[in-house]
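Working notes for the structure below.
Rule-based calculations on the coordinates, nothing more; no lab input. Predicted, not measured: the structure shown is a model, and the values here were computed from it. All Cβ positions, glycine included, derive from the backbone under ideal geometry; neighbour counts span all protein chains shown.
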Amino acid sequence: MDTQDFKPIIQHNCCGKSTFSFHLISCPVCNKDTLDVVQHTAQLSSQPPPFSVLIKPTFGSFKNYTVGELLHVGISDSKGNILNFDSRGVSCDPSSDWRDVLSFPIPIDRFDERLSTHTHLEKERERGNKYHQIDNNCYDFAIRFLNFIHWEGSNQHTKESFVVNTVGKTVNEFESFFVIHQQLNKGETVIRELKGYHCTNCSKPCSPNDHFHCLECSDVDLCLACYHLPYQDHQHNQKHKMFPLKLGVGWLCDVCDTVMLDGTLFSCIQCDDYALCPNCFASNKFNGTHHLSHKTVRVILPNQLGRARLNKSTL
C-alpha cells in the first residue's frame, strides 16, 4: 500500500455521531443527507518535502505499519538529503530512502547552512557520545537541531515535549486515519460518538460553535452561557483572554492571510483578535499593533478526526 492506496475518508457529523465512509452517505440515525461533512486524507508525502522534520517507521514503511511501532525521524534539506542519526552515526540518506513519510515544516532562514553547521557539530559530538537506542537517538538529534535554531523562539525543547506535542500530534492524526481506514477496508461500519469539550464551569458540553478556550490557562474551556458569567477559580479570572474555537471555521493569519482550519496557530494576548500561522510566527513576521515583545501563546485548533480518535498509544 502506498500513498495513492489510502483513499480519502469522509466524516459525516449528525445526530451526535460521526460516521466514516469512503463516499457520501445519509445519516444512519435520521436517514437525512448530512450537511456537516469533512474529508480526511492520509497526510503522507510520497516525496520528502524540503526544510522539514520527517517521520517514518524504523523498520519497513507505512504500507505495513502497526499502530504503536517504533518510528525514526530525520531532517530534510533543500536538495533532498535526509540528515538523521542511528546506529550508523550521523548519516545523510537520499530521498529515495524516505518515501511516503509524515512531515512538518521548519520555516527558518538559511536552513541548509544552519543544518550543515548542526550536522558538523553533531559529528564532533558523536566522538564522545555514541548512538544509544534510548538515551541518544534520532529524536535527540532532531531536538538538538530545534534548540540550535531556537525553533519557535526557544532552545529548551525536550524529548518529552517533542514526542508528545510535535511528533505525537502528527502521528496521532495519521494513526486515527489509519485505524479507521483499515476498518472501512474490511467492510466494517465505523461510527463514533461526536465528543466535544465540556465547560469548566457548568460541566455541560460546549457547542462546536460556542466554545471559548482560555489562552492563559491550560485547561479552562467555557460554553457561551458561562463565557458571559463572572467565572473564576484559583487559576482563571475574567481578565484572561478567551479564544473562540469553532469546528469547521477557519482563522486568517494576520500577516499572510493563510486560512487555518486545524493544526496550530499563535494568538497574541495583548492584541485584540490577532493570530499568526506557524510559518509567520517562526519567521518573526508581524504587522499592525503587534510586536515581538508581546506575549503570544500556541493554540491547538480542534481537529474533527482527532476528536473521534481511538485512544491508542503512539510512541
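Some observations on this one:
- Placing R0 at 30 angstrom, the Cβ-Cβ distance between residue 127 and residue 69 gives a FRET efficiency of 0.45 after rounding to 0.05.
- Of the residues 15, 271, 199, the one with the fewest other Cβ atoms within 10 Å heads the list, and the complete ranking is 15, 271, 199.
- Residue 224/residue 185 FRET efficiency (R0 41 Å; Cβ-Cβ; nearest 0.05): 0.55
- Calculated FRET efficiency for the pair residue 257/residue 30, C-beta based, R₀ 45 Å, to 0.05: 0.75
- Two-decimal ratio, the range 1-65, of alpha-carbon radius of gyration to 2.2 N^0.38 Å: 1.50
- The residues packed around residue 215, meaning those with a beta-carbon under 11 Å from its beta-carbon, carry a net charge of +2 if Lys and Arg are +1 and Asp and Glu are -1.
- Shape annotation for the chain: C-alpha extents along the principal axes are 60, 53, 34 Å, from largest to smallest.
- Partner lysines for residue 130 [C-alpha distance under 24 Å; skip if fewer than 8 residues away on the same chain]: 56, 159
- Between residue 298 and residue 134, the modelled label-to-label distance comes to 2.6 nm, taking each label 7 Å out from Cα in the direction of the beta carbon.
- When the chain is treated as a Gaussian network with alpha carbon springs shorter than 10 Å, the biggest mean-square fluctuation among 125, 144, 192 belongs to 125.
- Choice from 128, 74, 153 with maximal GNM fluctuation in the chain (Cα, 10 Å cutoff): 128
- Length gained on full extension, residue 15 to residue 116: 31.0 nm, using 0.36 nm per residue less the C-alpha separation.
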